[in-house]
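The values are calculated or read from the model by the stated rules, or taken from the named source; none is laboratory data. Just so we're clear, the structure is a prediction, and the values are computed from it rather than from any experiment. All Cβ positions, even for glycine, are placed from backbone atoms using ideal geometry, and neighbour counts span all protein chains on display. Each accessible area value is taken on the protein alone, full model and side chains, heavy atoms only, with ligands, DNA and RNA left out. Shrake-Rupley method; radii C 1.70, N 1.55, O 1.52, S 1.80 Å.
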Amino acid sequence: MNRFATIAVAAATLLSAAAPAFAGDASHSAGRINVSVCERDALTQAAFRQNYGANPVYVTADQVLSARASGERWSAPRCMTASEHQRLNQAMAPRTSRAATARPAL
């Protein structure tokens, strides 16, 4: 059972590494800003080449936000490391001001 669980966790990890992370719109259509979370190891890069037919192009969270703001569209998905994806999610999260948060009644 432990061997099966280890294989299942490894497979899930590899599949999640190739899962797309979208900047804004949840559409897979061409001409959108599609970003896949990719690590920089040889196995992940080979999988990207197999899926998309080209070497991965890595972008930062700032580059994605800039492209989104300027209306830029990409014909193929770009890659982003997990840490950059976390930065992108934080940058895109709605911000609440302290004055706008509900305060308990006294």
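Go through region 70-96 and give me each residue that's of a type in the set (Val, Ile, Thr) and over 16 Å from Val37 (Cα atoms).
Thr96
Table: residues versus (1) open to solvent by 80 Å² or more (accessible area, probe 1.4 Å); (2) among the hydroxyl-bearing types (Ser, Thr, Tyr); (3) in contact (Cβ under 8 Å) with a residue 60 or more places away in the chain; (4) within 20 Å of Gln45 (Cβ to Cβ).
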site: Val59; (1), (2), (3), (4): no, no, no, yes
site: Val64; (1), (2), (3), (4): no, no, no, yes
site: Ala69; (1), (2), (3), (4): yes, no, no, no
site: Trp74; (1), (2), (3), (4): no, no, no, yes
site: Pro77; (1), (2), (3), (4): no, no, no, yes
site: Arg87; (1), (2), (3), (4): yes, no, no, no
site: Ala91; (1), (2), (3), (4): no, no, no, no
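Looking only at residues in region 64-89 that are more than 12 Å from the chain's Cα centre (by Cα) and among the polar types (S, T, N, Q), which one is modelled with the lowest pLDDT?
Ser75
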